[in-house]
Amino acid sequence: MIITNIESIPGKKIVEHYGLVSGSTIRAKHIGRDFMAGLKNIVGGELKGYTELLQESRAQATQRMRTTAEQLGANAVINVRFSTSSVAQGAAELYVYGTAVRYE
Amino acid sequence: MGDLVFFLILLGMGYGVGTWTEKRHYRSIMEREEQLLHLPAITAKKVELDNSKVERAVLVVGSAVISVDYFKRLLAGLRNIFGGTVKSYETLLDRARREALLRMKEKAHGASMIINVRIETSTIGKRAFKGKLGSIEAIAYGTAIKMNS
Amino acid sequence: MRFIPRQSSGNVNVTKTSAIREFLILAGSLLAIILILYLILGFVIEMVIPHLSPRLEQAMAVNLLPRIVGSETDEAKSRELQPLLDRLQEHCTKLPYHCTIKVSPSPQINALALPGGTILIFSGLLDRVASENELAFVLGHEMGHFAHRDHLRGLGRGLVFMAISTALFGPHSQINKLAARFLNLTELSFSRRQETSADHFALEVLHCAYGHVGGALTFFEKLAASEHSRYNKISFFSSHPLYPERLHELQAYSRQHGFGSGKLTPLPDDL
């Protein structure tokens, strides 16, 4: 499944589209990570725990979108956009949406 | 003891009424989605259009604010300690977005498609400033293209 | 491109889960963790308390006492009873600090051991004391608490626990209030063991001061038979063991150590 954030798929022709598909995850970090983040606030540096968390979230959200697209019979998702919002104390939501299409 | 009983009552109310409202909302959403299935709302910008046949292009916006109940908030708080997916809030965001999309589609009377759709989510409410969840607002907007028949 | 309207089956963005089950699992794990922390805390405190110096305790008491004792104490009665306490303390105990006695004119039937060595006796209890031996028993009991540093144990664990729970959940969380309530109940059940050892200490003091323990047993027989049947409720919720239980325990201990009964010394007239 091809996922792009441009209008078309280079070198291919899009024949059908099936509408909007989306995937979202909400993840919370546990107390241990909070604590480490607090410490890092003092010394600085990359928060590896958080980076991993967000990468996993992105992967899961994208997977969900892909599953929906497959169900509709699409083989690509174009014009993909990401959106992050903080929905609860300590939890971040990652939302990805795009148009499911079929190319040939 | 009184405090504990009060707390449990709120919890029960949150769970009971919240679940019922949610089911009802989902039923309404699925009904309307079926009805509006013929109107595509896509994120793509460049669509093959016969420019002469376009009557007008207008921005349509739909938004919805959904609030969280006591039970869900408690569950999210517990989740915050242990980490993992906050499953209780998933339905919230899902409902808000789908509702916003449906309202956007409903505003586009007679349009044949809605293009360049974007969806934004944010939290509003007094508690939002303290970092706790107040309510979720979802807004969906796009350009509705009406063709000459 | 053509548009083909299709519906997707199922909702991929919502995981099918039973909210109640998730709640029970999470809440259960949290309670289990809190319990384990509590137990560990208990061990840590047991190790630290014997090393807490009496001087430090007295320093803390300067701030605590005015709030707990309140402004009404019967100074005259307190001064009268102080010599008895001094006598008992000098000859029969090895306490690391000097105890003072304060009488509060409240009708409660109770006596408290406060940080810093202050024994607070309520006049309700004082009125029921019929002989010097019985008063000596009460004083000995409170001194027993001081000797075992019981008052610090209860305070220490409760304070640290509340500190942790406040740090985790914030000062105004519901979970915090629940924890505080649950905390009080179990603290009381620990202090029952402490009460029993304080009773034993009091018996020793009595035996040392008067040669016999007659006062203690008559005192409890009196209280157990008295009209205060409200103390016969569920013993978990009251901080002292029930009077019949306590009496039994005292009798057993006396028999074990060969303490007998004897003549009671009367109280000074104006008490």
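The values are calculated or read from the model by the stated rules, or taken from the named source; none is laboratory data. Being a predicted model, the structure only gives us computed values, none of them experimental. FYI the Cβ positions are ideal-geometry reconstructions off the backbone, even for glycines, and counts take in every protein chain you see.
Out of all the residues in the stretch A:64-85, which are among the small types (G, A, S) and more than 7 Å from every other protein chain (Cβ to nearest Cβ)? Walk me through it before giving the result.
Here is the first cut: in the stretch A:64-85, the residues among the small types (G, A, S) are A:69, A:73-74, A:76, A:83, A:85.
Across the stretch A:64-85, the qualifying residues are A:A69, A:A74, A:A76.
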Kindly list, by first and then second residue, each pair from a residue in the stretch B:47-73 that is touching a residue at least 24 places away in the same chain (Cβ under 8 Å) to a residue that is outside any strand (DSSP E or B) and among the charged types (D, E, K, R), limited to pairs with Cβ atoms under 6 Å and residues at least 6 apart or on different chains. B:V60/B:K107; B:G62/B:R103; B:A64/B:E99; B:I66/B:R95
Here are the criteria: (1) buried (at least 19 other Cβ atoms within 10 Å of the Cβ); (2) more than 8 Å from chain A (Cβ to nearest Cβ). Tell me which single one B:G110 does not satisfy. (1)
Select from the stretch B:74-95 the residues that are hydroxyl-bearing (S, T, Y) and part of a helix (DSSP H, G or I) and list them in ascending order. B:S88, B:Y89, B:T91
Filter result for the condition that a residue is over 30 Å from A:H30 (Cβ atoms), in contact with a Leu (Cβ under 9 Å, 6 or more places away or on another chain) and part of a strand (DSSP E or B), over A:A100, A:A92: A:A100
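Applying the selection to the stretch C:77-104, what residues are among the aliphatic types (A, V, I, L, M), surrounded by 20 or more Cβ atoms within 10 Å (Cβ to Cβ) and touching a residue at least 40 places away in the same chain (Cβ under 8 Å)?
Looking only at the stretch C:77-104, we keep the residues that are among the aliphatic types (A, V, I, L, M), and these are C:81, C:84-85, C:88, C:95, C:101, C:103.
Of the ones still in play, those that are also surrounded by 20 or more Cβ atoms within 10 Å (Cβ to Cβ) are C:81, C:85, C:88, C:101, C:103.
Those that are among the aliphatic types (A, V, I, L, M), surrounded by 20 or more Cβ atoms within 10 Å (Cβ to Cβ) and touching a residue at least 40 places away in the same chain (Cβ under 8 Å): C:L81, C:L85, C:L88.
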Inside the stretch B:27-53, can you point out the residues that are closer than 18 Å to B:A140 by Cα and either outside any helix (DSSP H, G or I) or hydroxyl-bearing (S, T, Y) (or both)? B:L39, B:P40, B:A41, B:I42, B:T43, B:A44, B:K45
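Looking at A:G45, A:G32, A:G49 in this structure, which one is part of a loop (DSSP other than H, G, I, E, B) and either in contact with a Lys or Arg (Cβ under 7 Å, 6 or more places away or on another chain) or modelled with pLDDT under 95 (or both)?
On the way: A:G32 fails: part of a loop (DSSP other than H, G, I, E, B); A:G49 fails: part of a loop (DSSP other than H, G, I, E, B).
Only one candidate passes the filter, namely A:G45.
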Within the stretch A:20-59, considering residues that are in contact with a Ser or Thr (Cβ under 7 Å, 6 or more places away or on another chain) and more than 20 Å from A:S86 (Cα to Cα), the one nearest to the other protein chains (Cβ to nearest Cβ): A:L20
